[in-house]
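Below is one structure, written out as structure tokens; comments come after it.
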Amino acid sequence: MQGRRRRRRRSTSVLETRRQIIFTAQPPTLSSRHDTVRSKSTCRSNKKTQNSALCATRVGIAGAGAVAFGSAARLVQNGHDPMLWSPSGFGTADLLANASVMDASTPKLISTGAIESVFTCRVATSPRQLIDENEVILLALPANGHVDVMDTLAPYIRSDQTIIISSHSSLGALYLGRLLAQRKVQVPIVAWGTTAVTARRTSGVEVQVCTVRTQIDLCTVPESASEHGLELCQSLFGNAFKQRDGILAISLSNLNAQNHLGIVLGNMSRMERGESWSQGLNITPNIGRLLEALDEERLAIADALGVKVRTVREHFSLSFHVPIASVSEMNQQMVQKGNDVNGPATADTRYVTEDVPYGLTLIVKLGDMVGIPALLHESGIRVVSAMYGRDFGKENGLLNALNLTGLTPEDIKEADRTGVLRRTGEDL
């Protein structure tokens, strides 16, 4: 009973803070803060004090959506100091507006669900400020925004920083590495196979954290920085990380695209009509079998490339804390536990516009490299492209920029070691 009373008081506090926050339609322009970035914390190498408040790390988050807000909540929970930057400016407009109205120097963000907190969060008003005022940069935005954001941030990134991509897509770490190599700068780039949290942004100052993941696959390029990347992520987000063998393993570890394909194909009419529908409940036995068949293709390609990745069943078990069963049965268990979300209420959803070009397309190309056609993945791209009247197979800005023509898996594995993607015998 005592624990219940404590939770009730904490929730009331969050609600009271929510009532105090005032929303304004036209946020005023606030002057940027230009604090000098503190010198690198010496405690990072001292594991005994690593979680101390004295060891708070300044983390700049490129993005201001649900995952960015949820990641900020997780960082604060672990004693760190996040800063949000919205590339468009819209994502942090309410935070800045409310800070101005409430005469606060730093905006407040409200987190509910798996992380209940009301906390101050720094906001950057320019990409230069995000880089200048932080030691670590976390990219937490949709994959279809990665090229533009990487292009924008790359001119300012310093050699003493670390970049984390949450979650990694379409060899994006190698694209960023190429941009930095052109400036003769190399930094550790940590690629995650998924995000640290699942979340829904409920307003311009609020996020509902649905789950905190218990396992996140990662790798770091160049390979020599792997230990640093793992220790840094553990200090920031907790002991949820599993080291994987390079970018190929991470690229094949992100299951969102294949899972969302099955969900979209089975529920397109609901999406177009704007219906409110349970995502987990509608992963019926037939949809579940489709997800399992897509998974078999991905696992076969991973095996041919010599990399180990989790299965779709392991993904649902680790992400949503249910015992392993069929994919459909696991989703029904999630619904029964109350751990479910509504599916997209519009056809204009990242399940399609991000996951099809940036997730499915890479699987198909990697399958072609090793002579294992990903027939279901390729068919999914074609079917969804026909539905939308556009060619999603050509909309991957990262792969278009990298140009995989003539590349081999060995070239990609060599890039893991060096941090820069080159064809055999090619200069940068």
Quick one: would you say ARG183 is open to solvent by 10 Å² or more (accessible area, probe 1.4 Å), touching a residue at least 24 places away in the same chain (Cβ under 8 Å) and in a strand (DSSP E or B)?
no
From the options VAL335, VAL327, residue that is without any contact (Cβ under 8 Å) to a residue 60 or more places away in the chain, on the phi < 0 side of the Ramachandran plot, open to solvent by less than 50 Å² (accessible area, probe 1.4 Å) and in contact with a strand residue (DSSP E or B) (Cβ under 7 Å, 6 or more places away or on another chain)
VAL335
Yes or no: the range 241-254 includes at least one residue that is at pLDDT 95 or above and open to solvent by 10 Å² or more (accessible area, probe 1.4 Å).
yes
Given the conditions (1) part of a helix (DSSP H, G or I); (2) open to solvent by less than 10 Å² (accessible area, probe 1.4 Å); (3) small (Gly, Ala, Ser), report the number of the one that ALA191 does not fulfil.
(1)
Pairs returned, first residue in the range 130-143 that is touching a residue at least 60 places away in the same chain (Cβ under 8 Å), second residue that is part of a loop (DSSP other than H, G, I, E, B) and buried (at least 24 other Cβ atoms within 10 Å of the Cβ), beta-carbon separation under 6 angstrom, 6 or more apart or interchain, are LEU138/SER166; ALA140/SER166; ALA143/SER169
Filtering the range 338-353 for residues that are assigned to a helix (DSSP H, G or I) and surrounded by fewer than 17 Cβ atoms within 10 Å (Cβ to Cβ) leaves a count of 1
With the requirement that a residue be over 18 Å from ARG244 (Cβ atoms) and in contact (Cβ under 8 Å) with a residue 24 or more places away in the chain, what does the range 295-324 give you?
GLU297, PHE320, HIS321
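Can you tell me how many residues within the range 119-138 are assigned to a strand (DSSP E or B) and either charged (D, E, K, R) or surrounded by 21 or more Cβ atoms within 10 Å (Cβ to Cβ) (or both)?
Summing the residues that are assigned to a strand (DSSP E or B) and either charged (D, E, K, R) or surrounded by 21 or more Cβ atoms within 10 Å (Cβ to Cβ) (or both) in the range 119-138 gives 5.
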Extreme residue, farthest from TYR351 (Cα to Cα), among residues of the range 380-411 that are of a type in the set (Asp, Glu) and surrounded by 15 or more Cβ atoms within 10 Å (Cβ to Cβ):
ASP411
In the range 139-152, what residues are surrounded by 23 or more Cβ atoms within 10 Å (Cβ to Cβ) and over 9 Å from the mean Cα position of the chain (by Cα)?
HIS146, MET150
Which one is modelled with the highest pLDDT among residues in the range 33-66 that are open to solvent by 40 Å² or more (accessible area, probe 1.4 Å) and within 17 Å of LYS108 (Cα to Cα)?
ARG58
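The values are calculated or read from the model by the stated rules, or taken from the named source; none is laboratory data. All figures in this text were calculated on a predicted structure; none of them were measured in a lab. Cβ coordinates were reconstructed from backbone atoms using ideal geometry, including for glycine residues, and neighbour counts include every protein chain displayed. Accessible surface areas use protein heavy atoms only, side chains included; no ligands, DNA or RNA. Shrake-Rupley method; radii C 1.70, N 1.55, O 1.52, S 1.80 Å.
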